[in-house]
Every structure is written in C-alpha cells, then in structure tokens.
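Remarks on the structure that follows.
The values are calculated or read from the model by the stated rules, or taken from the named source; none is laboratory data. The structure presented is a predicted model; accordingly, all values stated were derived computationally and were not measured. Counting neighbours? That spans all protein chains shown, and the Cβs are built from the backbone with ideal geometry, glycine included.
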Amino acid sequence: MQIVIASVKEVIVSLSFVSFVLIRYLHFIAVIALFVLLLAEFVQMKPTLSGKSLRRLANTDLAYWLAGILVLLSGTLLTVSVGKGMDFYIHNPVYLFKVGLFLAAVAATLYPTVFLQTRRSSDPTDIISVPAVIRLIIRVKILVLLCLPLLAVLMAQGIGLNT
C-alpha cells in the first residue's frame, strides 16, 4: 500500500513539474512574441499611414494584445498555481514593481489600440495622420518591456525577498 501511495505522489510531483515547465515555456514564448509584435508596431508606425497600412498595423496590434493576454495568463498561473508559491511573489517588491510596469504598459496600449481600431475600416487609399503621442507611447512601451526581463532575473536570484 505504501508503495502505491509513494508512486502516486511521484506521479503528482512529476505532473506538477511538467505543468511548471510547460507554463513557464509558454510564458517565455509569449513574452518574446509580445516584444516582437511591439517592435513590428514600431517599424510600421509612421506619422501618416494609408488605410491599407493602418489596417495591417491594427492587425499587428490585435496580435500584440493576444500575446499580452498569454503573458498575463501564464504569469498568473506561475504565480498562483505551479510556480514557487504566492509568498515568493506577493511579498517581493521587485515582483510587484514588475507587475506594475506590465500593467502600466497594458494601460498605455489602450489609446493606440482605440485609435487604430476605430480607423481600420478607412478606405485603403485614405491618408491618416497618426498623433505623435501614439508613436511616443510605443517607444516608452519598448523601454518598459526591456526592463521586465531584468526584474525577472533579479527575482529569480531572490532579490527583494526578506531573507
């Protein structure tokens, strides 16, 4: 009987480890996709866009949102379910700062997204002026996203924990 219980515990531990690895991998891939899509937005964003270019940029922006949702969902799963435990994360000011920066980037994304989505049905030959603040927001988001891996490395080293 003890052998069966021990075997079941080993299987549970193995499944937990596999879940952790898969979710962490998904998180990394989603972060990479998020950054690539943000760089694609940066490259596509010009002071003026044709209706066709704006539609392409709006599609890139939607893909950026999907990647952001994957980052958020996988990060949440790592925090509350398969990661190092809530105490490791929730009491770490580095983690809280990292999450705050990510949420600020999400909030900053709203204005460019609304601008793009409300104009996506423009005639392909129309010329649309893009407010300079939208290009500035994208540059700032790039800087913010570049900080997040550094904060993740600091967290992984236990920096921010009260030990």
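Yes/no matrix, rows are residues, columns are (1) within 19 Å of Thr60 (Cβ to Cβ); (2) within 19 Å of the chain's Cα centre (by Cα):
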site: Lys98; (1), (2): no, yes
site: Ala108; (1), (2): yes, yes
site: Asp123; (1), (2): no, no
site: Ala132; (1), (2): no, no
site: Ile137; (1), (2): yes, yes
site: Leu145; (1), (2): yes, yes
site: Leu150; (1), (2): no, yes
site: Met155; (1), (2): no, yes
Among the residues that make up region 83-93, is at least one of them under 16 Å from Met45 (Cβ atoms) and small (Gly, Ala, Ser)? no
List, please: which pairs have Cβ atoms under 8 Å, are six or more places apart or on different chains, and start with a residue in region 93-112 that is among the aromatic types (Phe, Trp, Tyr) and end with one that is not in a helix (DSSP H, G or I)? Tyr95/Gly160
Of all residues in region 127-158, count the ones that are touching a Leu at 6+ places or on another chain (Cβ under 9 Å) and at pLDDT below 90. 1
With the structure loaded, tell me whether Arg24 is charged (D, E, K, R), more than 28 Å from Arg135 (Cβ to Cβ), in contact with a helix residue (DSSP H, G or I) (Cβ under 8 Å, 6 or more places away or on another chain) and surrounded by 13 or more Cβ atoms within 10 Å (Cβ to Cβ) or whether it fails that test. yes
Condition check: over 17 Å from the mean Cα position of the chain (by Cα) and either closer than 23 Å to Pro131 by Cβ or among the basic types (Lys, Arg) (or both). Does Pro47 satisfy that? yes
